Amino acid sequence: MRDPENATVEVELPDDFDDFWAAGLADCASYPLDPVLTEMPALSTDKVIVYDLRYTSYGGLRIAGWYTVPREGPAPYPALVTIPGYISEPTIPKEWSELGYAALAVAPRGKLRSNDVFNPGYPGLLTHNIVDPNTYGYRGFYLDVVRSVEVLLDRPDVDNLRIGLQGSSQGGGLGISTAALLPDVIRCVAAGAPYLCGIMTAPTLTRSYPYEEINEYLRIHPKDVDRVRESVAYYDGLNFAPKVQAPTFLYVGLEDDVCPPETGFALHRALACEKTLRTYPHCAHHAGLPDVMRIVEDFLAEHLTPGR
Amino acid sequence: MNFDSYWAAVDDELAVIPGRPVLDIVPARTTEEATFYSLRITSTGPYRVYGNLSIPKGDGPFPALLITPRYGSVNNIPHPNDRSRYVVLSLMHRGQRLADEGFAAAYPGLLTMGIDDPATYIYRGIAADCLRAAEFLLGLAEVDPARVAISGDDLAVLTAARRPGFSAVRVTDVLFYRAIEARLKSSLYPLEELNDCLRAGLSADALSTTLSYFDAVRHAPAVAGRTLLAVDDPDWSASLLAAFPTAEAYQVTHLDGTDNDFLDAWLAEQSGVPALSKFIA
């Protein structure tokens, strides 16, 4: 019988973890952000203005996003980056702007609108160059989310002191990594069913995708297991967690077959910031949806104060 | 063009286009339980679409399961639990990843692509892709023709209605059912695409006309297999449930672990295989 709350999930912290990510951020900084926003009247409503966004990220790649702002209300707005799940495309975040946020739905490299140069496919991203941390597919992907926050910092209609992160699954995992890489910027994180935490443990607890991709990879490359372990340690949310300073709200399904609850509990333990964990019995990867979204909205509103 | 002649024309188009399927083994997904293949097959257009096919090892025939594509760029690979019990085929329709040579669907955008005319609506071709997948699965020698199931949204209903042979139909969601009303409930995509379309000037009548060809309530009467409809709001879904000859409703709890297990167990019972939870206790 599993005991998710008390299970051991260990990840080795690479000695050069901080240098590794500092180098990535330095690479990003070597390129002008060059954000281009194009208003999309056909997608805008009487409440929300929609923009197509493009900006430059790691390696010089142009990355897409949707940026939305309320038509009315007191600017500068609090801002929210919504981070997509593994198989989903970012949708236009009108619903957040209807609540008073400037919202940026980022499409990191490999997502449809950002895959001209890098397109590992789905399935595929999780194991793309997984033996090499320097060229692992997620390297740029993680940094693309960080870079999207920098877009917000550049916006006159955004209050730089009220920027939060929201996402579930992959969006939850990257909320943690992004908050860790921008500890002075991010004011709060809402992370559901966080993925990419305990990356080597999770595939031993489930046969569901995307973690099953690692099992498949090791099925035909069994000798690579140590190199895979070394590589993903740089990307594991459990190694980012102690660096997060923003208040963080986690929600976890206790029967989650996609992101095993053991890894959610481990993330909660690893966080040193102000933190809240809600667990949902009999819930799988939805982790309390749709009801939990009301709590997420309240949590974000408490810290980001839309409408103020 | 009326409903029957619209769909008869799709069937006629498919009938004269050879599928010319090609199967390639995928070693990384092949286990002691099942052999995994990628499938490429021709649908209307002509257009090559993609499928993930898994066939249990051992002596067949086996129960089978067709998983119709969801709305989105990616469909999940069939779960190992399903691969161990069923000949399972999941389809990537035209425009989805792995079926995007020549046409990559936009999200948002796919739901309303060509919607001003039923004849050019993208979902006409997508429906044909599903029908082609059904024909392929139903024709496999490893499949027990008495135990063939289909699972998905409106596309599963449409496919089961137009291709006899499905003994069980599991409807986990609906996209087109009462879509012209459902679009008013929120600004969430994909139904928000319909609102975007109306703001851009398309008439509500044109929208309704095209959507009506795909609404599950119009296809349900022709579904012969035992049907399970997952229902969130019973009042909202009442007319759809009533449209099926033999359907039962499952009231969704929003405890998705519980819901997933129920839906799995229902299909397993119809197919004569053991129920399996994706969550390993």
Could we say that residue B:211 is crowded, with 21+ Cβ neighbours inside 10 Å, within 14 Å of chain A (Cβ to nearest Cβ), farther than 30 Å from residue A:3 by Cα and in contact (Cβ under 8 Å) with a residue 24 or more places away in the chain here? no
Residues in segment B:250-281 that are within 30 Å of residue B:145 (Cβ to Cβ) and among the β-branched types (Val, Ile, Thr): how many? 1
Among (1) under 15 Å from the mean Cα position of the chain (by Cα); (2) on the phi > 0 side of the Ramachandran plot, where does residue A:142 come up short? (2)
Give segment B:265-281 a look and list any residue that's surrounded by 20 or more Cβ atoms within 10 Å (Cβ to Cβ) and within 14 Å of chain A (Cβ to nearest Cβ), or say none. B:278, B:279
For residues in segment A:17-45 being of a type in the set (D, E, K, R) and out of contact with any helix residue (DSSP H, G or I) (no Cβ under 9 Å at 6 or more places or on another chain), which is surrounded by the most Cβ atoms within 10 Å (Cβ to Cβ)? A:39
Tell me, please, whether a residue that is in a helix (DSSP H, G or I), touching a Pro at 6+ places or on another chain (Cβ under 9 Å) and aromatic (Phe, Trp, Tyr) can be found in segment B:4-23. yes
Any idea which residue in segment B:92-137 is nearest to the other protein chains (Cβ to nearest Cβ), counting only those that are among the acidic types (Asp, Glu) and closer than 25 Å to residue B:182 by Cα? B:116
Residue A:246 passes all but one of the listed conditions (1) within 14 Å of chain B (Cβ to nearest Cβ); (2) in a loop (DSSP other than H, G, I, E, B); the exception is number (1)
Return the residues of segment B:245-264 that are part of a helix (DSSP H, G or I) and more than 10 Å from chain A (Cβ to nearest Cβ); say none if nothing qualifies. B:262, B:263, B:264
Within the group B:51, B:45, B:72, B:58, which residue is touching a helix residue (DSSP H, G or I) at 6+ places or on another chain (Cβ under 7 Å) and surrounded by fewer than 22 Cβ atoms within 10 Å (Cβ to Cβ)? B:45
Counting only residues that are over 21 Å from residue B:70 (Cβ atoms), within 14 Å of chain B (Cβ to nearest Cβ) and aromatic (Phe, Trp, Tyr), which one in segment A:67-109 is surrounded by the most Cβ atoms within 10 Å (Cβ to Cβ)? A:101
Counting only residues that are more than 18 Å from residue A:132 (Cβ to Cβ) and without any contact (Cβ under 8 Å) to a residue 24 or more places away in the chain, which one in segment A:208-231 is farthest from the other protein chains (Cβ to nearest Cβ)? A:215
Only one of A:34, A:46 is among the acidic types (Asp, Glu) and within 17 Å of residue A:95 (Cα to Cα), namely A:46
Looking at segment B:171-189, can you tell me whether even one residue there is crowded, with 20+ Cβ neighbours inside 10 Å and more than 28 Å from residue A:44 (Cα to Cα)? yes
Subset of segment B:42-81 [within 14 Å of another protein chain (Cβ to nearest Cβ), among the aromatic types (Phe, Trp, Tyr) and in a strand (DSSP E or B)]: B:50
Evaluate segment B:178-191: report whether one residue or more is within 14 Å of another protein chain (Cβ to nearest Cβ) and within 16 Å of residue B:118 (Cα to Cα). no
Evaluate segment A:175-197: report whether one residue or more is without any contact (Cβ under 8 Å) to a residue 24 or more places away in the chain and within 20 Å of residue B:75 (Cβ to Cβ). no
Under the condition of being away from every other protein chain (no Cβ under 11 Å) and closer than 30 Å to residue A:44 by Cα, which residue from segment A:117-134 is nearest to the chain's Cα centre (by Cα)? A:118
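Could you run through segment A:158-197 and say how many residues are among the β-branched types (Val, Ile, Thr), under 15 Å from residue A:251 (Cβ atoms) and not in a strand (DSSP E or B)?
Here the count works out to 1.
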Having 3 or more residues that are touching a residue at least 24 places away in the same chain (Cβ under 8 Å) is the bar; report the strands (runs of 3 or more DSSP E) wholly within segment A:4-114 that clear it. A:48-56, A:62-70, A:77-83, A:102-107
Only one of (1) within 14 Å of chain A (Cβ to nearest Cβ); (2) in a strand (DSSP E or B) does not apply to residue B:89, and that is (1)
If residue A:272 meets every condition in (1) crowded, with 16+ Cβ neighbours inside 10 Å; (2) farther than 30 Å from residue A:47 by Cβ apart from one, which number is that one? (1)
How about segment A:257-288: which of its residues are within 12 Å of another protein chain (Cβ to nearest Cβ), on the phi < 0 side of the Ramachandran plot and under 18 Å from the mean Cα position of the chain (by Cα)? A:258, A:259, A:260, A:261, A:285, A:286
Can you find, within segment A:289-303, the residue that is nearest to the other protein chains (Cβ to nearest Cβ) among those that are within 20 Å of residue A:257 (Cβ to Cβ) and touching a residue at least 12 places away in the same chain (Cβ under 8 Å)? A:289
So, in segment B:228-239, how many residues would count as being more than 14 Å from chain A (Cβ to nearest Cβ) and under 22 Å from residue B:65 (Cβ atoms)? 3
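Considering each of B:220, B:230, B:224, B:249 in turn, give the residue that is crowded, with 21+ Cβ neighbours inside 10 Å, of a type in the set (Gly, Ala, Ser) and either touching a residue at least 60 places away in the same chain (Cβ under 8 Å) or closer than 24 Å to residue B:130 by Cβ (or both).
B:220
Going by the structure shown, is residue A:171 in contact with a helix residue (DSSP H, G or I) (Cβ under 7 Å, 6 or more places away or on another chain) and surrounded by 24 or more Cβ atoms within 10 Å (Cβ to Cβ)?
Considered against the rule, which asks whether it is in contact with a helix residue (DSSP H, G or I) (Cβ under 7 Å, 6 or more places away or on another chain) and surrounded by 24 or more Cβ atoms within 10 Å (Cβ to Cβ), residue A:171 comes out as no.
Read-outs throughout are calculated quantities, based only on the coordinates presented, and are distinct from any laboratory measurement. None of these values were measured; they are calculated from a predicted model. Reconstructed Cβ throughout: ideal geometry from the backbone, glycine too, with neighbour counts over all protein chains shown.
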